[in-house]
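The values are calculated or read from the model by the stated rules, or taken from the named source; none is laboratory data. Quick caveat: nothing in here was measured; it's all calculated off a predicted structure. So basically every Cβ, Gly included, is an ideal-geometry build from the backbone, and we count neighbours across all protein chains shown. These area figures cover heavy atoms from the full protein model, side chains too; ligands, DNA and RNA do not enter into them. Shrake-Rupley method; radii C 1.70, N 1.55, O 1.52, S 1.80 Å.
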Amino acid sequence: KKNFEQKESDSGGEVVLRGKHRIDPKKLREYENWKEKMINFMKNQPGFIKYGSADPEGDLHVVTLRFESLESLNDYMSSPIRARIVDKLEPLLLAPSQVQVRNDRVLPDVLTDLLARQGEVVPPLQPKKWKVWWLTTVG
């Protein structure tokens, strides 16, 4: 059971959980069944927004879960039903899963990401008019 804490500098908003699973190729059908059960469970979770899945790269499968808030994510993570479903994933894995949690980032303009330090929250500012003009002209 893992609770995630929100830093003072983090603005509220959506929270994204990304899970990376290395699945045994012999157990791929079982993994698809497991994933379907997890999605059905997720649909009934308060604060759950959506589920996303990237195309597998070899044995690596990446899933993305989006929640309304950190509190919703913590409620999901502490659910005993979730724990039972996740326990059924363990025998299908080649290596332990990797889980990453972050606040969803909304960048106010194209250049902001270049000027913000990694790990810091980007302030919600309107783009400078000269930047809009420059990008429009160049584009």
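Taking θ as phi - 60° and the Karplus parameters 6.51, -1.76 and 1.60, the scalar couplings of the stretch 73-80 work out to 5, 5, 4, 4, 5, 8, 6, x Hz in sequence order, x denoting glycine and proline.
Assuming R0 = 22 Å, can you tell me the calculated FRET efficiency for the pair Asn33 and Leu94, based on Cβ-Cβ distance, to the nearest 0.05?
Step by step, r from the Cβ atoms, then E = 0.80.
Our coupling estimate for the stretch 25-30, obtained by passing each phi through the Karplus curve with A = 6.51, B = -1.76, C = 1.60 and θ = phi - 60°, is x, 6, 10, 5, 5, 5 Hz, Gly and Pro reported as x. Rolling a 1.4 Å probe over the heavy atoms of the protein chains gives the stretch 14-118 an accessible area of 64 Å² per residue.
If each residue of separation counts as 0.36 nm, what is the full-extension length gain between Ile85 and Val132 once their alpha-carbon separation is subtracted? Display every interim value, and only then the final one.
Working: separation 47, 0.36 × 47 = 16.92 nm, distance 4.79 nm.
That works out to 12.1 nm of additional length.
Shown here are the Rg and Dmax of the Cα trace of the stretch 14-118, at 15.4, 46 Å.
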